[in-house]
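Just so it is clear, none of the values below were taken in a lab; they were calculated from the coordinates. These numbers were taken from a predicted model, which means no experiment stands behind them. Backbone-built Cβ (ideal geometry, glycine too); neighbour counts: all protein chains shown.
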Amino acid sequence: MWNVLPILNSKKREQIRIMFFTVKILALFFCAIPILEYYNARYQGYDIYNIYYIGMTFMIFSIIMLLLMFIFTRKQQRQFYYILEIVIFVAVFVFSIYVSGANRSENKYIFIFLIISYTIEYGMKTGLIISGVATGVIAAMDLIYGDNTSVNLQFENDLALFAMFFLVAWTIGHYAKLEENHIKELVDFANIDGLTGTYNHRYFYEVLEKMFEESKEKTTPLSLVMLDLDNFKTYNDVYGHAQGDAILKEVAGILKGVIRKKDLLCRYGGDEFCVILPDTDKDEAIRIADQFREVICGYEYHGKENMNNMMMTASIGVSTSSIEMERHVNLIENADMALYRAKFLRRNKVEVYSSIFDHIMEKEPNENLLEEIKPLKTLMTVINSRDTYTFNHVERVFHYCRIAAEYMGLSPEDKRTLLFGAYLHDLGKINISKETLITSSRLTKEQWEELKKHPQDSADIVSQIKGFERIVPVVQQHHEKYDGSGYPLGLQGEEIDYLARILTIADSFDAMTNQRPYQKTKSFQEAFEEIERCKGTHFDPILADKFMEALKEF
């Protein structure tokens, strides 16, 4: 499981590290005092030697301090540096005690600085180890340099000091553990969803951003699975919210039993869950997501006999980070789009996000074409910044066209043309004012006339790309109607480009099934009924039937 405390308390932990490092450095210089006193007593009256040894002592301690500062910046990366720091401090403390009288030294207590610092910083185990080392060193000096012919008074007196070392380590270590547990409880209270016991929506965004930045820095893949329970609203309406909450809690428990230790399960909201998969590529993410789907399908839940398909099912969207992806929210948006397709095209399904641009370029491995289409991708990004609906609408229309093209058995060339047309059909909206694009009320006559220009504007932009001549009429005619009442040319019947007639149906279907400020959203079934009603007027009747069959069978 992803460790919570290092993420949320990184700044605080760094402050604590600096504080205790400062304490240990001060203790280090405190050790210099008995060493200087030793040389002063030994070379009393020899000023030259005094100056020499004082200088040497300060130089050596300065070098040690610089070495410790280097270790301080590295020890979180490797355990070797952590051990080396302890060894250096213990060695200096032992030398200081030795030169100040060894078994008779009055500076033996300075080990308390190390014991307290390391116990608070690293826990009771480290504190007890240093206590044991300090006890062993001091006891050895007492036994080696003390009078062992009778009672060894230094050893006898130091027994109380040894007890104090271990008592301090145990007491402070126990208190530090209690404090850590208390902090963890507070962190959990802030980050854990009270109903399901998973991480909550707020924490999901916070940790995903950090994990995304880490994956970019290390160039490792990061995948996101977004899961939505099918027909959960119906279940809630039938059995009530209390039973619905019980189902959510049980589903969360099932998912916890499936995820790997390094994965992070979050409740995104309502009946939606997200699972962050670090160091996981697209293929592995798909496998894991399908495992989620299968365990939920096999879940025995209360009241299933009154549900339509007798099973609890889930629609799942998967997205994986890429080199081009700039922000963690792109990962969320992509997973959400994939979930949308899984939810509304066919429930109980895993859908993987695939960029329209990447899909097109995969089918068109042409470097010249790649350079030609890049400006168009930039234009679509600009449109997205002004009108998110249009950008997402293009994504959905593209996938409807892909489904229809495969069902109808279009030739590779016609499929290519249709998909490019779907991707580029709203480019002309770059010339429409933002006020018209995002208005929340019905369009005025002037705004409507402005909007009607976008098919021709789209065609004018596309016509500037060499090799896109066949796509121009598809883009230009996607608002023509079968009875001739469309725009911009007023074409009718088979005068309208064959592929444009398919695009018209896909474009209208998505407009009907998605939220618009001035239009009620229709269900898929209601949209099919509307297409059926408009066959022969708005839509080519034969292509309309094939389009509906394609989506129903997908």
Among 233-242, 318-327, how do they line up by average Cβ neighbours within 10 Å per residue, starting with the highest? 318-327, 233-242
Ranking of VAL352, VAL168 by count of other Cβ atoms within 10 Å, fewest first: VAL168, VAL352
Ranked on Cβ counts within 10 Å of their own Cβ, fewest leading, THR444, THR196 go THR444, THR196
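On full extension of the chain, what length is gained from ASP460 through ALA246, given 0.36 nm per residue of separation minus the C-alpha to C-alpha distance?
Details: separation 214, 0.36 × 214 = 77.04 nm, distance 5.68 nm.
My answer for the length gained is 71.4 nm.
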Taking neighbour counts of Cβ atoms within 10 Å as a proxy for exposure, in what order, fewest first, do MET56, MET141, MET408 appear? MET56, MET408, MET141
Scoring only Lys, Arg, Asp and Glu (+1, +1, -1, -1) among other residues with Cβ under 12 Å from the Cβ of MET164 yields 0
For all pairs of alpha-carbon atoms in region 448-530, what percent lies in each bin of width 10 Å, listed from the first bin to the last filled one? 18, 41, 34, 7, 0
Across 5 Å bins from 0, what is the distribution of all Cα-Cα pair distances for region 147-296, in whole percents? 2, 8, 13, 14, 13, 10, 8, 6, 5, 4, 4, 4, 4, 3, 2, 1, 0, 0, 0
Show me the ranking of peptides 126-134, 483-491 by mean Cβ neighbours inside 10 Å, starting with the highest. 126-134, 483-491
Packing-wise, with mean Cβ within 10 Å as the measure, how do 275-282, 177-184, 420-427, 397-404 rank, highest first? 420-427, 397-404, 275-282, 177-184
